[in-house]
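*Asks:* Quick one: the structure is below, and I'll ask about it shortly.
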Amino acid sequence: MQKSALHKIHDWLWEIPKSTRSDMRVPARVYATEEMLDAIVRDRSLDQLVNVATLPGIRGWAVAMPDVHEGYGFPIGGIAAVDLDEGVISPGGIGYDINCGVRLLRSHQTASAMAPSLPTLVHSVAREIPSGVGRGGPLRLNKHDLDLVLGGGAARAVESGYGEEGDLERIESRGTLEGADPAAVSDHAHDRGSDQLGTIGSGNHFVEIDRVAMVFDTVAAQQLGLEQERVVILIHTGSRGLGHQVATDFLKRMVGSMHRYGITIPDRELACAPFRSPEGQQYFHAMAAAANFAFANRQVITAGIRRAWKHEFGADGDLEMVYDVAHNVAKVERHEIGEVLVHRKGATRAFLGQPVLIPGSMGTASYVLMGQSGAMEQSFGSSCHGAGRVMSRTRARHEIDATELRARLKNGGIVVEAGSAKGLVEEAPEAYKDIDAVVDIVDRAGIAKKVARLVPIGVIKG
Amino acid sequence: MIEVVEHTADIRLRISGASIEELFRDALRGTMQLLRPDLDERSVQREIAVEAADRTTLLIDFLNEALSHAHVHREAYDDAVFTTLTETRVVAQLHGREARAFGDDVKAVTYHEAEIRQPRPAEAGPHIWSVTIVYDI
């Protein structure tokens, strides 16, 4: 996509007109400064966004957040709202990691007070929370117990002793999506998920210990129990192999069924089915079940971190939930254009007054934002989800030295436990966009306002 | 032949082979290499059968089926013997070894950009089949 194809609406908003390609059903919009746009047009993000604008039943705009980057099918950072009766549901609009999301916990410690304990604590958390890649985790669920998790989500984890009832109040949808049907989840998916509850996986997933480095909105920060120098914990993971298999199963099924519904799409990875069709409804129910698995996964991980914290700090070791929010999911929501199915692929729900958690890279910063009315008017109640990659993993491995990176992080006061040097360099700060600039855009656009900036002091990676 | 091609967030492999069988086999090897398995000595065999509407979809579905078995059984496959390989159906016996663990996760093999290309004209030399595959990792 050439930059000249985009029309400038604001300093932070650009539009690709519907006339750009004959199969577009709506325009496409991207939130970015001109400098960011220069980088975005270097990969295929915007071509993929135009493909999204061709989906049957799409309403308003196909939207890309400032952290947008090339994915497969949808770009990462993409949002699409579709009509419930005339529109489709596309597993590619949610992604393979269904309900990949972020959870924020707050501690009673300050960064300076806990500095001597930090290396031990990072090690203890790493021992409690395995990556689970190709090994599995400590829990092995039989089909009956797994189905209870798929139906109940975080609530089932709490019932089983992994947390407190109050935790559920601070999770999107209280940690349980309605309509989840374990019977819609295949045997393969059950098998892949049976030993993965309580594991973070690899790639960009992590547990991070942060300090609140800056408060932008004192009132909102107080509402969330955040204050300068307070230590908080970010958890970033999703539905692991179970969700990956649900997406694989239904993409295959929809690739095979689209012709029956007369659907043609520019990329097979956008395979879809009418939302009201049997295929569409079964995927929606299976996706909800996988989303519940992810909510439960973050709840079980929370219990592990709480154990480590209690072990280190005793009576002063309580960790309280701030919020938990998904950034890969589809939900039926009411917006100004009516009731629609909102696909969020690497985009965070940002309803008015709702906490929005934006994880950055391990050496820079993460943000706590709060949803604003502009999100409801412009982006179907959605915000960005992270910094967004700019460097391929291959290039990162060639250009970044693991020893130098470890030293740099150590000099920056960050204690790191990583499963592999390869995984560490692939997630190096320079592989990502400037998160401060990304967050500035959604703040300026009135989508989500800045509440607090978090800086890492401990990183645990799979 | 397996080549790694740049992709901003995920992994893109270009696979080529002198025959469709070789293309499928090298694509299987490339997929398994991405898992970076820590291999055990014990060898394994697993039979899989997949049907699809066309050859490209068949390849992606075949790789996803193999990937699912690799994850579920903790195995990595480095060879396949095809008893049936048509445009729409593949039956294959996968050969490999048990894995103690995987170094990396591969979530799925995507259909994005995948298109098995026709052989070059005979005068260009050996027939080369090729496909580009994007993996979600």
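*Asks:* Which fully enclosed strands (runs of 3 or more DSSP E) of segment A:1-94 have 2 or more residues being closer than 18 Å to A:ALA273 by Cβ and in contact with a Gly (Cβ under 6 Å, 6 or more places away or on another chain)? First the steps, then the outcome.
*Replies:* Details: elements: A:7-10, A:13-16, A:28-31, A:58-72, A:74-83.
So the answer is A:74-83.
*Asks:* Name, by its number, the condition in (1) buried (at least 23 other Cβ atoms within 10 Å of the Cβ); (2) at pLDDT 95 or above that does not hold for A:GLU269.
*Replies:* (2)
*Asks:* Just to be sure, is A:GLY256 within 14 Å of chain B (Cβ to nearest Cβ) and surrounded by fewer than 22 Cβ atoms within 10 Å (Cβ to Cβ)? It would help to see each step written out before you state the result.
*Replies:* Values: within 14 Å of chain B (Cβ to nearest Cβ): yes; surrounded by fewer than 22 Cβ atoms within 10 Å (Cβ to Cβ): yes.
Answer is yes for this residue.
*Asks:* Can you name the condition, by its number, that A:GLY101 falls short on among (1) modelled with pLDDT of 95 or more; (2) away from chain B (no Cβ under 14 Å); (3) over 20 Å from B:ASP105 (Cβ atoms)?
*Replies:* Of everything listed in (1) modelled with pLDDT of 95 or more; (2) away from chain B (no Cβ under 14 Å); (3) over 20 Å from B:ASP105 (Cβ atoms), A:GLY101 misses just condition (3).
*Asks:* How many of the residues making up segment A:405-435 are out of contact with any strand residue (DSSP E or B) (no Cβ under 8 Å at 6 or more places or on another chain) and either over 24 Å from A:VAL368 (Cα atoms) or surrounded by fewer than 21 Cβ atoms within 10 Å (Cβ to Cβ) (or both)?
*Replies:* Of the residues in segment A:405-435, 13 are out of contact with any strand residue (DSSP E or B) (no Cβ under 8 Å at 6 or more places or on another chain) and either over 24 Å from A:VAL368 (Cα atoms) or surrounded by fewer than 21 Cβ atoms within 10 Å (Cβ to Cβ) (or both).
*Asks:* Oh, and also: Being touching a helix residue (DSSP H, G or I) at 6+ places or on another chain (Cβ under 9 Å), assigned to a helix (DSSP H, G or I) and surrounded by fewer than 20 Cβ atoms within 10 Å (Cβ to Cβ) narrows it down to one of A:PHE295, A:PHE313, so name that one.
*Replies:* Being touching a helix residue (DSSP H, G or I) at 6+ places or on another chain (Cβ under 9 Å), assigned to a helix (DSSP H, G or I) and surrounded by fewer than 20 Cβ atoms within 10 Å (Cβ to Cβ) holds for just one of A:PHE295, A:PHE313, which is A:PHE313.
*Asks:* Among the residues of segment A:116-131, write down those that are within 29 Å of the chain's Cα centre (by Cα) and part of a helix (DSSP H, G or I). Outline the logic, then answer.
*Replies:* At the first step, the residues of segment A:116-131 found to be within 29 Å of the chain's Cα centre (by Cα) are A:118-131.
The answer is A:LEU118, A:PRO119, A:THR120, A:LEU121, A:VAL122, A:HIS123, A:SER124, A:VAL125, A:ALA126, A:ARG127, A:GLU128.
*Asks:* Looking only at segment A:166-173, decide whether some residue is more than 14 Å from chain B (Cβ to nearest Cβ), farther than 19 Å from A:ASN99 by Cβ and surrounded by fewer than 19 Cβ atoms within 10 Å (Cβ to Cβ). Explain how you work it out, then say what you get.
*Replies:* Here is the first cut: in segment A:166-173, the residues more than 14 Å from chain B (Cβ to nearest Cβ) are A:166-173.
Pick out the ones that are also farther than 19 Å from A:ASN99 by Cβ and you get A:166.
Still in the list and also surrounded by fewer than 19 Cβ atoms within 10 Å (Cβ to Cβ): A:166.
Checked against the condition, which is being more than 14 Å from chain B (Cβ to nearest Cβ), farther than 19 Å from A:ASN99 by Cβ and surrounded by fewer than 19 Cβ atoms within 10 Å (Cβ to Cβ), segment A:166-173 yields at least one hit.
*Asks:* Those residues that are among the hydrophobic types (A, V, I, L, M, F, W, C) and either surrounded by fewer than 19 Cβ atoms within 10 Å (Cβ to Cβ) or closer than 16 Å to A:ARG192 by Cα (or both), I need them from segment A:149-162; list them, please. Steps first, answer last, please.
*Replies:* To start, the set of residues in segment A:149-162 that are among the hydrophobic types (A, V, I, L, M, F, W, C) comprises A:149-150, A:154-155, A:157-158.
Residues satisfying the conditions are A:VAL149, A:LEU150.
*Asks:* Pull up segment A:413-441, narrow it to residues that are in a loop (DSSP other than H, G, I, E, B) and within 28 Å of A:PRO355 (Cα to Cα), then point me to the one that is farthest from the other protein chains (Cβ to nearest Cβ).
*Replies:* Restricting attention to segment A:413-441, the residues satisfying the condition of being in a loop (DSSP other than H, G, I, E, B) are A:413-414, A:419-420, A:427-428, A:433-434.
Now restrict to residues that are within 28 Å of A:PRO355 (Cα to Cα): A:413-414, A:427-428, A:433-434.
Working: A:GLY413: 28, A:ILE414: 23, A:GLU427: 11, A:ALA428: 14, A:LYS433: 11, A:ASP434: 16 Å.
So, considering only residues that are in a loop (DSSP other than H, G, I, E, B) and within 28 Å of A:PRO355 (Cα to Cα), the one farthest from the other protein chains (Cβ to nearest Cβ) is A:GLY413.
*Asks:* Return the total of residues in segment B:31-70 being within 23 Å of A:ALA271 (Cβ to Cβ), surrounded by fewer than 21 Cβ atoms within 10 Å (Cβ to Cβ) and away from chain A (no Cβ under 12 Å).
*Replies:* 2
*Asks:* Looking at A:HIS190, A:HIS205, which one is in contact (Cβ under 8 Å) with a residue 40 or more places away in the chain, in contact with a strand residue (DSSP E or B) (Cβ under 8 Å, 6 or more places away or on another chain) and within 14 Å of chain B (Cβ to nearest Cβ)? Lay out the reasoning, then the answer.
*Replies:* Working: A:HIS190 fails: in contact with a strand residue (DSSP E or B) (Cβ under 8 Å, 6 or more places away or on another chain).
Result of the check over A:HIS190, A:HIS205: A:HIS205.
*Asks:* In segment B:7-27, which residues are within 14 Å of another protein chain (Cβ to nearest Cβ) and either hydrophobic (A, V, I, L, M, F, W, C) or touching a helix residue (DSSP H, G or I) at 6+ places or on another chain (Cβ under 6 Å) (or both)? Let's see the steps before the verdict.
*Replies:* Narrowing segment B:7-27 to residues within 14 Å of another protein chain (Cβ to nearest Cβ): B:7-14.
Within segment B:7-27, B:ALA9, B:ILE11, B:LEU13 qualify.
*Asks:* How many residues, within segment A:362-401, are surrounded by fewer than 24 Cβ atoms within 10 Å (Cβ to Cβ), assigned to a helix (DSSP H, G or I) and more than 14 Å from every other protein chain (Cβ to nearest Cβ)?
*Replies:* Residues meeting the conditions: 5.
*Asks:* Another one. Looking only at segment B:71-83, filter to residues that are in contact (Cβ under 8 Å) with a residue 24 or more places away in the chain and out of contact with any Leu (no Cβ under 9 Å at 6 or more places or on another chain); which one of those is farthest from the other protein chains (Cβ to nearest Cβ)?
*Replies:* Going through the qualifying residues, I end up with B:PHE82.
*Asks:* Which condition number does A:SER112 fail, the rest of (1) within 14 Å of chain B (Cβ to nearest Cβ); (2) within 30 Å of A:GLU312 (Cα to Cα) being met?
*Replies:* Unmet for A:SER112, out of (1) within 14 Å of chain B (Cβ to nearest Cβ); (2) within 30 Å of A:GLU312 (Cα to Cα): (1).
*Asks:* In addition: Scan (1) under 16 Å from A:LEU104 (Cα atoms); (2) within 14 Å of another protein chain (Cβ to nearest Cβ); (3) polar (S, T, N, Q) for the single condition A:GLN196 breaks and write down its number.
*Replies:* It is condition (1) that A:GLN196 fails.
*Asks:* Does segment A:330-348 hold any residues that are surrounded by fewer than 23 Cβ atoms within 10 Å (Cβ to Cβ) and in a loop (DSSP other than H, G, I, E, B), and which are they?
*Replies:* Across segment A:330-348, the qualifying residues are A:GLU336, A:ILE337.
*Asks:* Here is a follow-up. Scanning for something touching a helix residue (DSSP H, G or I) at 6+ places or on another chain (Cβ under 9 Å) and either β-branched (Val, Ile, Thr) or in a helix (DSSP H, G or I) (or both), does segment A:217-228 turn up at least one residue?
*Replies:* Checking segment A:217-228: not a single residue is touching a helix residue (DSSP H, G or I) at 6+ places or on another chain (Cβ under 9 Å) and either β-branched (Val, Ile, Thr) or in a helix (DSSP H, G or I) (or both).
*Asks:* Give the residues of segment B:1-48 that are of a type outside the set (Val, Ile, Thr), over 22 Å from B:TRP129 (Cβ atoms) and without any contact (Cβ under 8 Å) to a residue 60 or more places away in the chain, sorted by residue number. Break it down stepwise before answering.
*Replies:* Residues of segment B:1-48 of a type outside the set (Val, Ile, Thr): B:1, B:3, B:6-7, B:9-10, B:12-14, B:16-19, B:21-30, B:32-43, B:45-47.
Add one more test, that the residue is over 22 Å from B:TRP129 (Cβ atoms), and what stays is B:6, B:9-10, B:35-43, B:45-47.
Answer for segment B:1-48, where residues must be of a type outside the set (Val, Ile, Thr), over 22 Å from B:TRP129 (Cβ atoms) and without any contact (Cβ under 8 Å) to a residue 60 or more places away in the chain: B:GLU6, B:ALA9, B:GLU41, B:ARG42, B:SER43, B:GLN45, B:ARG46, B:GLU47.
The values are calculated or read from the model by the stated rules, or taken from the named source; none is laboratory data. Here the structure is a predicted model, which is why all the values come from computation and not from measurement. Quick reminder, even Gly has a Cβ in these numbers, built from the backbone with ideal geometry, and neighbours come from all protein chains shown.
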